[in-house]
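Visitor: Dropping the structure in here first, questions after.
What follows draws every value from the coordinates through simple rules; no lab data is involved. The shown structure was predicted, so the numbers you read here are calculated from the model rather than taken from an experiment. Heads up, the Cβs are rebuilt from the backbone with ideal geometry, glycines too, and the neighbour counts pull from every protein chain shown.
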Ligand SMILES: [Zn+2]
């Protein structure tokens, strides 16, 4: 199987020759920037440079997909008026100024294809599809409406708004949902078939289950339905400390991507099995970033043994791999999946 066939078959819960490995954002970027001599800052401004960096991740680490979106989680928010800044040329941008809650009435939906920066990963996705699309899965990437709102207005302001100004919060989430739907249209137009959606605001450490249902779940559900209606496979990412994974699963994503350290893996596996593909997230901090290759191997072995032989399993990091994640750990992650995830 090609990496793309393997990745998409696992998402569809069909048999594969081995368990696929999922690459998130631009994980372990330091080695990619070093080997290409490219600057992260330039990748955000130029689709060709963005594509070259993403392609370098595929060549260097050899996972089964590459991604047309990075871990800044700010690109959609800046398209709606948040100002970002670049303290370093070789790191992600940061928030300079949020949009004021009093200005939310001025917000309007954005077509990502027309935004100076949001269009960059889309154009880069086209380049990636041209270069390796037959062989590898090029995965689209967006943040859920509540994640975008947190980066647009500031997380504390959104939380406060749930209590003091629900109308304003709903207005913002409506606008962001429309822009997110337009992003799905753009993906389909260029031929991307799978989309990753960051929804780590869905956690008990941040909101009550009632607030989650009223805001986060409602708008995430609208985006998911729109994407499913367009034939996109959807990957729901949640690396929250207390993830509402079960409620997210009810919305019917193609795959659930959960950081295993934050949950009882057996319970999550049993809940997801047969209902969605499971992307099992190996701890990206203490295991992948600061652990040894042997620890990485043990984690992969445990996860795959716990899952068993059913199709619909993918191994990935729990979230974007840290900037300086050691190459030997990434290499061992891949070798371990090949060893324990081999299917006769
Ligand atoms: Zn995450």
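Visitor: Any idea which of (1) in contact with a helix residue (DSSP H, G or I) (Cβ under 6 Å, 6 or more places away or on another chain); (2) more than 16 Å from the ligand (Cβ to nearest atom) is the one residue 134 doesn't satisfy?
Guide: For residue 134, the failing item is (1).
Visitor: Hey, can you tell me all the residues within segment 194-208 that are more than 16 Å from the ligand (Cβ to nearest atom) and either under 18 Å from residue 176 (Cβ atoms) or surrounded by 19 or more Cβ atoms within 10 Å (Cβ to Cβ) (or both)?
Guide: The answer is 194, 207.
Visitor: Do you know which residues across segment 333-344 are farther than 19 Å from residue 66 by Cα and part of a helix (DSSP H, G or I)? Before you say what the answer is, go through the steps one by one.
Guide: Residues of segment 333-344 that are farther than 19 Å from residue 66 by Cα, as a first pass: 336, 339-344.
Correct list: 336, 339, 340.
Visitor: Quick one: what pairs do we get from segment 193-208, first residue in contact (Cβ under 8 Å) with a residue 40 or more places away in the chain and more than 22 Å from residue 160 (Cα to Cα), second away from the ligand (no atom under 16 Å from the Cβ) and assigned to a loop (DSSP other than H, G, I, E, B), C-beta under 8 Å, 6+ apart or different chains?
Guide: Qualifying pairs under 8 Å: 193/231; 193/232; 194/232; 194/254; 195/232.
Visitor: Here's something else I'd like to know. Can you confirm whether segment 97-119 contains a residue that is in contact with a strand residue (DSSP E or B) (Cβ under 6 Å, 6 or more places away or on another chain) and surrounded by fewer than 17 Cβ atoms within 10 Å (Cβ to Cβ)? Spell out how you get there, then give the answer.
Guide: To start, the set of residues in segment 97-119 that are in contact with a strand residue (DSSP E or B) (Cβ under 6 Å, 6 or more places away or on another chain) comprises 97.
Add one more test, that the residue is surrounded by fewer than 17 Cβ atoms within 10 Å (Cβ to Cβ), and what stays is 97.
Taking every residue of segment 97-119 in turn, at least one turns out to be in contact with a strand residue (DSSP E or B) (Cβ under 6 Å, 6 or more places away or on another chain) and surrounded by fewer than 17 Cβ atoms within 10 Å (Cβ to Cβ).
Results for (1) closer than 27 Å to residue 254 by Cα; (2) in contact (Cβ under 8 Å) with a residue 40 or more places away in the chain; (3) touching a strand residue (DSSP E or B) at 6+ places or on another chain (Cβ under 9 Å), shown as yes or no for each residue.
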site	(1), (2), (3)
10	yes, yes, yes
15	yes, yes, no
19	yes, yes, yes
22	yes, yes, yes
27	yes, yes, yes
33	no, yes, no
38	no, no, no
47	no, yes, no
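Visitor: Related question: Among the numbered criteria (1) farther than 20 Å from residue 252 by Cα; (2) surrounded by 24 or more Cβ atoms within 10 Å (Cβ to Cβ); (3) touching a residue at least 60 places away in the same chain (Cβ under 8 Å), which one does residue 171 miss?
Guide: (2)
Visitor: Identify, please: which residue in segment 301-331 is part of a loop (DSSP other than H, G, I, E, B) and within 16 Å of the ligand (Cβ to nearest atom) and is, among those, surrounded by the most Cβ atoms within 10 Å (Cβ to Cβ)?
Guide: Going through segment 301-331, the residues part of a loop (DSSP other than H, G, I, E, B) turn out to be 308-312, 318-326.
Then drop every residue that is not within 16 Å of the ligand (Cβ to nearest atom), which leaves 318-323, 325.
Working: 318: 23, 319: 21, 320: 25, 321: 28, 322: 17, 323: 18, 325: 23.
Among those that are part of a loop (DSSP other than H, G, I, E, B) and within 16 Å of the ligand (Cβ to nearest atom), it is 321.
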